[in-house]
Amino acid sequence: MVTSVSSFDAALLLPALAPALGALLVLVVDAVVPRTALVHQVVGLVALVVGAGAAVLTLRQPGGDGRSTLCLPDGGPCFWTTTGVSAALQLGALLSAVVVLLLAAPLDPTGGQEDRTAVTVALLLAATSGAAGVASARDLGSWLVTLELATLPVVALAALPATRRAVAGAVQLLLTSLVSFAVLALAAACWYAATGSPSLTGAAVLGVTGTAQKVVLGLAVVLVVAGVGFKLSLAPFHAWTPTAYAGAPLPVAVFLSATSKVAALGALLVVVTALESLGRAAIVTTAAVALVSMTLGNLVALRQDDAVRLLAWSTVAQAGWVVLPLVSVSSLGARASASYLLTYVVATVAAFAVVAVVVRGTRGRAGRRLTSYTGLVRAHPFLGGVLALALTVLAGVPPGVLGVVAKVVVLEPVVAEGWWPLAVVAALNVVLGVAVYLRWFLRLLQRPEGAPGGAGAPGPVLAEAAPLHRVAVVVSGVLLVALSVQPQLLLGLLG
């Protein structure tokens, strides 16, 4: 018997629906008027902005523990619930996708014979729809589908250039996605076996009373951490990250480092929020992978001379910080985790935007070497300043005040739960992280060889970049500066 849905709130669904409808519209426009790259870009940007606007409206409305829709009648479970944390993650996914779309703009806005803008924009919008949807999904089916929707289109985007490096990275990403999905499907089966319900809510978990049920539920949680760990680039599930980042086009690398990470954390927080009703003190698995990830990521990043690979290993290290506060299965831990992820997303997107302009200005892979950034602050203060601020935020040192505050917020639930050894190891990793980003930061301030006074320093002038690339740098830079001056603008979104 088919059960009817008793509620439907389009406004709550809009952050995920807007990019999905935008993807369909792009394909229709391309079928009617092919090779109109600028039109595809405009449709994509409008869809993302509409979705972001809906997320902002949700954040501004009081909702207690959250607002729900797609609920079954007679007090049945709801399949879609948007809380303040999930709305903030949706906003982060949509805004980061805006910058990615700007960076993916073609050099020829009229579209050429080999124009792939329609495919690129449609795939980006589809993946963003999944990233926004998974944060609010509250049943196993929607949770799995939206999480994979946030991943599979990116595999196609990574392989789109059809170069050997791109195909190698895409194949590794595809294999990782398949393994991740298999692990998560097994986790979903264990969840259903333990709770007897497909609902990912605290009410479903409250029915777990028997010892066998608790063991199966614990196995489900471990499998969720492992499956989501692949997508978050947590060690030891991180091996695909440097290969995929280095081989993919830079806009795709930005998407993998930002929007995809929002989707992964959103999926993890859905499960963590459901477990809160049990009053569990901590997830030990999360603590172990957090410490391994941040330590390994920092140590390997210290040896990187390629900017993209350095940012890839930075992702591995920062992922450890993102999940560290989840040792406290509480609303405080969830908010701390989300706030750190959004801080990381803002700084990483800004850094990648500058790297994209530098690579474009040097007209080759030479722009990925750290030596290409020597004296960038002296020659091009805006570009160098945005990158320097992004690096200090990632390191968690002044003037990157946002990064300092984010690390303090992360450590608060860890210390509150009495996990002092974790806090000590995390503090040591702060020092390692400073060393990682300081190598790059100092190059920005150095005087180039053979250029007294900084004249003739390498690096592109901002005006030499494509118009939408300039907009991407300006948007990400302004947002980074604003949040560094007023960190409460970000932290306030999460209460």
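For (1) crowded, with 16+ Cβ neighbours inside 10 Å; (2) touching a Ser or Thr at 6+ places or on another chain (Cβ under 8 Å), each residue gets a yes or a no:
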position	(1), (2)
Ala156	yes, no
Leu200	yes, no
Leu206	no, yes
Gly218	yes, no
Val222	yes, yes
Lys231	yes, yes
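Out of Leu13, Leu17, which single residue is at pLDDT 90 or above and over 17 Å from Val98 (Cα atoms)?
Going through Leu13, Leu17 in turn, just one is at pLDDT 90 or above and over 17 Å from Val98 (Cα atoms): Leu13.
Among (1) hydrophobic (A, V, I, L, M, F, W, C); (2) at pLDDT below 90; (3) farther than 14 Å from Phe255 by Cβ; (4) not in a loop (DSSP other than H, G, I, E, B), there is one condition Ala162 misses while meeting the rest; what is its number?
(4)
Here's the yes/no breakdown for (1) of a type in the set (Ser, Thr, Tyr); (2) out of contact with any Leu (no Cβ under 8 Å at 6 or more places or on another chain); (3) assigned to a helix (DSSP H, G or I):
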residue: Gly229; (1), (2), (3): no, yes, yes
residue: Leu234; (1), (2), (3): no, yes, no
residue: Ala246; (1), (2), (3): no, yes, yes
residue: Gly266; (1), (2), (3): no, no, yes
residue: Leu275; (1), (2), (3): no, yes, yes
residue: Val289; (1), (2), (3): no, no, yes
residue: Ser293; (1), (2), (3): yes, no, yes
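Does segment 199-217 contain at least one residue that is among the polar types (S, T, N, Q) and touching a residue at least 24 places away in the same chain (Cβ under 8 Å)? Can you show your working first?
Within segment 199-217, the first condition is being among the polar types (S, T, N, Q), and the residues that meet it are 199, 201, 209, 211, 213.
So of that shortlist, the ones also touching a residue at least 24 places away in the same chain (Cβ under 8 Å) come out as 199, 201.
Yes.
Are any residues in segment 169-196 at pLDDT 85 or above and either assigned to a loop (DSSP other than H, G, I, E, B) or among the small types (Gly, Ala, Ser) (or both), and if so, which ones?
Filtering segment 169-196 for residues at pLDDT 85 or above gives 170-196.
Ala170, Ser177, Ser180, Ala182, Ala185, Ala187, Ala188, Ala189, Ala193, Ala194, Gly196 - these are the residues of segment 169-196 that are at pLDDT 85 or above and either assigned to a loop (DSSP other than H, G, I, E, B) or among the small types (Gly, Ala, Ser) (or both).
Residues checked against (1) buried (at least 23 other Cβ atoms within 10 Å of the Cβ); (2) closer than 18 Å to Ser260 by Cα; (3) free of Cβ contacts under 8 Å to residues at least 24 places away in the same chain; (4) not aromatic (Phe, Trp, Tyr):
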{"position": "Tyr340", "(1), (2), (3), (4)": "yes, yes, no, no"}
{"position": "Thr343", "(1), (2), (3), (4)": "yes, yes, no, yes"}
{"position": "Thr348", "(1), (2), (3), (4)": "yes, yes, no, yes"}
{"position": "Arg368", "(1), (2), (3), (4)": "no, no, no, yes"}
{"position": "Thr371", "(1), (2), (3), (4)": "no, no, no, yes"}
{"position": "Leu376", "(1), (2), (3), (4)": "yes, no, no, yes"}
{"position": "Leu387", "(1), (2), (3), (4)": "yes, no, no, yes"}
{"position": "Val393", "(1), (2), (3), (4)": "yes, no, no, yes"}
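Is there a residue being without any contact (Cβ under 8 Å) to a residue 12 or more places away in the chain and out of contact with any Gly (no Cβ under 6 Å at 6 or more places or on another chain) anywhere in segment 97-111?
Step one: of segment 97-111, the residues without any contact (Cβ under 8 Å) to a residue 12 or more places away in the chain are none.
No - not one qualifying residue is present in segment 97-111.
So which residues in segment 10-66 are basic (Lys, Arg) and surrounded by 15 or more Cβ atoms within 10 Å (Cβ to Cβ), if there are any at all? Don't jump to the end; show me each part of the working.
Of all residues in segment 10-66, those basic (Lys, Arg) come to 35, 60.
Within segment 10-66, just Arg35 meets the criteria.
Of everything in segment 411-426, what is under 20 Å from Asn298 (Cα atoms) and either of a type in the set (Lys, Arg) or in contact (Cβ under 8 Å) with a residue 12 or more places away in the chain (or both)? Give them in sequence order. First the steps, then the outcome.
Of segment 411-426, the ones under 20 Å from Asn298 (Cα atoms) are 411, 421-426.
Correct list: Leu411, Leu422, Ala423, Val425, Ala426.
Can you tell which of Val224, Val272, Val284 is modelled with pLDDT of 90 or more and on the phi < 0 side of the Ramachandran plot?
Values: Val272 fails: modelled with pLDDT of 90 or more; Val284 fails: modelled with pLDDT of 90 or more.
From the options Val224, Val272, Val284, the qualifying one is Val224.
The values are calculated or read from the model by the stated rules, or taken from the named source; none is laboratory data. Note that this is a predicted model, so its numbers are computed, not measured. Heads up, the Cβs are rebuilt from the backbone with ideal geometry, glycines too, and the neighbour counts pull from every protein chain shown.
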